[in-house]
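Taking it in order: structure first as structure tokens, then the write-up.
The values are calculated or read from the model by the stated rules, or taken from the named source; none is laboratory data. Remember, predicted model here, so these are calculated numbers, not experimental data. All Cβ positions, glycine included, derive from the backbone under ideal geometry; neighbour counts span all protein chains shown.
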Amino acid sequence: MYTQDILDFLYDIIKTEIQDSSICLSLESNLRVIGIDSLLFIKLLVKIEDKYEIEFDDRELNYDNSESIKNLAELIGRNIINATIQA
């Protein structure tokens, strides 16, 4: 589960990191196609962890399993829920 807040944050940091504010992003946008390589993917994850005060499990840090913005948003949502439950 993800929220509009998560999507807005993802859209903002992706546009900033790829330095293209005019790019049209959607849930189905493929991370590779829009210019997110594995190094930039890790950089995004660190920013996400800082923003939402979560920590991704090492198994979740697989670039190949997060093909789209939707996949990444769902991963964030699950981790926020898990962090809330554990708190």
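One residue stands out in the stretch 19-52 among those that are in a loop (DSSP other than H, G, I, E, B), crowded, with 16+ Cβ neighbours inside 10 Å and β-branched (Val, Ile, Thr): the one that is farthest from the chain's Cα centre (by Cα), namely 34.
Would you call residue 55 part of a loop (DSSP other than H, G, I, E, B), at pLDDT 95 or above and among the acidic types (Asp, Glu)? Working first, answer last.
Details: part of a loop (DSSP other than H, G, I, E, B): yes; at pLDDT 95 or above: no; among the acidic types (Asp, Glu): yes.
No; evaluated as a whole, the condition is false for this residue.
Within this structure, residue 60 passes the test of being closer than 13 Å to residue 73 by Cα, at pLDDT below 95 and either loosely packed, with under 11 Cβ neighbours inside 10 Å or not basic (Lys, Arg) (or both).
Within the stretch 1-24, is there a residue that is at pLDDT 95 or above and among the small types (Gly, Ala, Ser)? No; the residues of the stretch 1-24 include none that is at pLDDT 95 or above and among the small types (Gly, Ala, Ser). Within the stretch 63-87, the set of residues being among the β-branched types (Val, Ile, Thr) and modelled with pLDDT under 90 comprises 84, 85. Exactly one residue out of 34, 48 is touching a helix residue (DSSP H, G or I) at 6+ places or on another chain (Cβ under 9 Å), over 15 Å from residue 7 (Cα atoms) and at pLDDT 95 or above: that is 34.
Of all residues in the stretch 63-87, those that are part of a helix (DSSP H, G or I), surrounded by 13 or more Cβ atoms within 10 Å (Cβ to Cβ) and over 9 Å from the mean Cα position of the chain (by Cα) total 7.
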